[in-house]
C-alpha cells in the first residue's frame, strides 16, 4: 500500500462544523492534537491533500485519547460516501468494559459486522490500526491495538460479502454521524493513512 499522507495540521481535513480546536496542551506528539469539542463532530480526509481521492483498500493508524470520563465514543470511518453510507470502527472508552464495534451504514441503516467487549481508560493515549481489503469472502476489516511492542487483535476480523463501494472506494476520517452521546472531548494525533486506488 502507498502511504498517502501523515496529518499534522487542520488544513489536512474537511470539517462539517467548527466544534474543534488544535490543542497545544493535550497531544501525543508536539505541538498539538486535533480536539473535538462537541457532539456530532466529524471530519474527513480532504481530497486535495492525498493522491487518491477515494481509497478502495487501505489502512489508517491513529493515536486516540478521550477525556477523563467513561462513555466517550468515536467512529473511525472509511469508504465514506455521505453521512448515511460508510463503514466504521467504533471505539468506546469505558473502564468497566464496553462494546467495540465494526459495522456499516447503508442508507442510514446500521449493520453490525463484529463486536467485542474491551476495556479502555479515559485520559490514556491508545494507538489503533484499521485495515480493510477485498478478499474472496468480500470486504475484510481488521482492527488492531498497539500494546507497546506489537500489534494485537482488538476485534476479530469482520467480513461483509456485500463489499459496498468496492469499485469507487471512499473517503477516510473520523465521525459521530449517528452517535448522540459522548462523542465530544476526543483527541486524535499522529494519523497515518495508506491506500490503494
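For this structure, a couple of remarks:
- Segment 84-99: number of residues that are part of a strand (DSSP E or B) and either buried (at least 16 other Cβ atoms within 10 Å of the Cβ) or in contact (Cβ under 8 Å) with a residue 24 or more places away in the chain (or both): 10
- The condition of being at pLDDT 95 or above and either surrounded by 13 or more Cβ atoms within 10 Å (Cβ to Cβ) or under 12 Å from residue 89 (Cβ atoms) (or both) holds for only one of 117, 102, 153, that being 102.
- Leading residue by the ranking (modelled with the lowest pLDDT) among those in segment 156-180 that are farther than 16 Å from residue 78 by Cβ and not in a strand (DSSP E or B): 180
- Residue match in segment 76-83 (condition: surrounded by 24 or more Cβ atoms within 10 Å (Cβ to Cβ), closer than 12 Å to residue 176 by Cα and touching a residue at least 40 places away in the same chain (Cβ under 8 Å)): yes
- Here the condition is being at pLDDT 95 or above, out of contact with any helix residue (DSSP H, G or I) (no Cβ under 7 Å at 6 or more places or on another chain) and more than 23 Å from residue 20 (Cβ to Cβ); of 89, 137, 112, it holds for 112 alone.
The values are calculated or read from the model by the stated rules, or taken from the named source; none is laboratory data. Since the structure is predicted, the reported quantities are computational estimates derived from the model, not experimental observations. No Cβ is skipped: glycine too gets one built from the backbone with ideal geometry, and neighbour counts run over all protein chains shown.
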